[in-house]
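Undergrad: Below: one structure in structure tokens.
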Amino acid sequence: MTTLLRIDSSASGENSKSRQLANEFIEKWLAKNPDGNVVVRDVDANPLPHFTSETLGALFTPEENRSAEQKAIVAIGDELISEIEAADVVTVSAPMYNFGIPSTLKSYFDYIARAGRTFKYTETGPVGLLNKDAYVFVASGSFLAETPMDHQVPYLNTFLGFIGITVKDTFIAGGQAMGAPGEEAFNQAKSQIAVAV
């Protein structure tokens, strides 16, 4: 059975354009993979604690010396990493908030970036260990893709690549606060999904 891990982050619920694009993709993916399994990780509905000095301290404390609180902190990342390791393909849907991704998604990334599990350091630099493909769905209020103000798509590509995930396609719905141009961009992204899946 092929497993798709769906990661959602928009605070807009069903009104989210990035989620709607992910819905479109997954509907078509399931049509091609009728035995496929979709696992949902919604970091807005179930936000993770922010990465703090306590988190770092727990990770750097040898396992046998961890307190109960530290073990609980490490267990959060263990669960998330096991979940993404078990997936065959990953989708990430993310709106643009203040030129970047939601802080809830950044927290998720902080927990799954773990040396020795999702990447390793080598003499020539870090190497990602997850070795799987991803599809990314993004939306923004204006048209900022491929401009110096876009810290959304480049960051997603950089982070996912860092842990060994290849972004096969990115579907962008810009201008969502701009009326008709945004609607046109959204429909264009949907038509691109129809061809890509």
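Undergrad: Once a ≥ b ≥ c are taken as the square roots of the eigenvalues of the Cα gyration tensor of the stretch 11-113, is the result rounded (a/c under 1.5), prolate (a/b larger than b/c) or oblate (a/b not larger than b/c)?
TA: It is oblate, given that a/c is not under 1.5 and a/b is not larger than b/c.
Undergrad: A further question on this structure: Work out Dmax and Rg for the stretch 61-138 from the C-alpha atoms and quote the Rg first, both in angstrom.
TA: 14.8, 42
Undergrad: Tell me, what % of the accessible area of the chain is carbon and sulfur with a 1.4 angstrom probe?
TA: 51 percent
Undergrad: Per residue, how much accessible surface does the chain expose to a 1.4 Å probe? Answer in Å², no decimals. Walk me through the numbers on the way to the answer.
TA: Values: 10090 Å² over 197 residues.
Here the residues of the chain average 51 Å² of exposed surface.
Undergrad: Over the chain, what is the relative contact order in percent, taking alpha-carbon pairs closer than 8 angstrom and at least six residues apart? List each step's numbers first, then the result.
TA: Details: 326 pairs, mean separation 46.7, N = 197.
It comes to 24 percent, rounded to a whole number.
Undergrad: Separate question: Could you please report the charge total around V127, scoring K, R as +1 and D, E as -1 over all other residues with beta-carbon less than 15 angstrom from its beta-carbon?
TA: Charge balance near V127 sits at +3.
Undergrad: In percent, what relative contact order does the stretch 114-197 have, based on Cα pairs under 8 Å that are 6 or more apart in sequence?
TA: Over the stretch 114-197, the number comes to 31 percent.
Undergrad: For the chain, what is the Kirkwood hydrodynamic radius in Å, using each pair of distinct C-alpha atoms? List each step's numbers first, then the result.
TA: Working: mean 1/r = 0.0567 Å⁻¹.
Computed over the chain, the radius equals 17.6 Å.
Undergrad: Through the Karplus equation 6.51 cos²θ - 1.76 cosθ + 1.60, θ set to phi - 60°, convert the phi angles of the stretch 73-80 into ³J(HN,Hα) values in whole Hz; use x for Gly and Pro.
TA: 5, 5, 4, 4, x, 4, 5, 5
Undergrad: Please compute the contact order of the stretch 93-154 in relative form: average sequence separation of alpha-carbon pairs under 8 Å and at least six residues apart, divided by the residue count, as a percent. Display every interim value, and only then the final one.
TA: Details: 51 pairs, mean separation 27.2, N = 62.
This gives 44 percent for the stretch 93-154.
Undergrad: Going Cα to Cα from K190, which lysines come in below 26 Å? Please leave out same-chain ones fewer than 8 positions away.
TA: Straight-line reach from K190, under 26 Å: K17, K28, K32, K106, K132, K168.
Undergrad: Per-residue counts of other Cβ atoms within 10 Å, averaged by peptide: what ranking do you get for 179-186, 4-11, highest first?
TA: Top to bottom by mean Cβ count within 10 Å: 4-11, 179-186.
The values are calculated or read from the model by the stated rules, or taken from the named source; none is laboratory data. Since the model is a prediction, treat every value here as computed from it, not as a measurement. Because the Cβ atoms are built from the backbone with ideal geometry, glycine has one as well, and the counts that use them run over all protein chains shown. Just the protein is used for accessible areas: all its heavy atoms, side chains included, with ligands, DNA and RNA removed. Shrake-Rupley method; radii C 1.70, N 1.55, O 1.52, S 1.80 Å.
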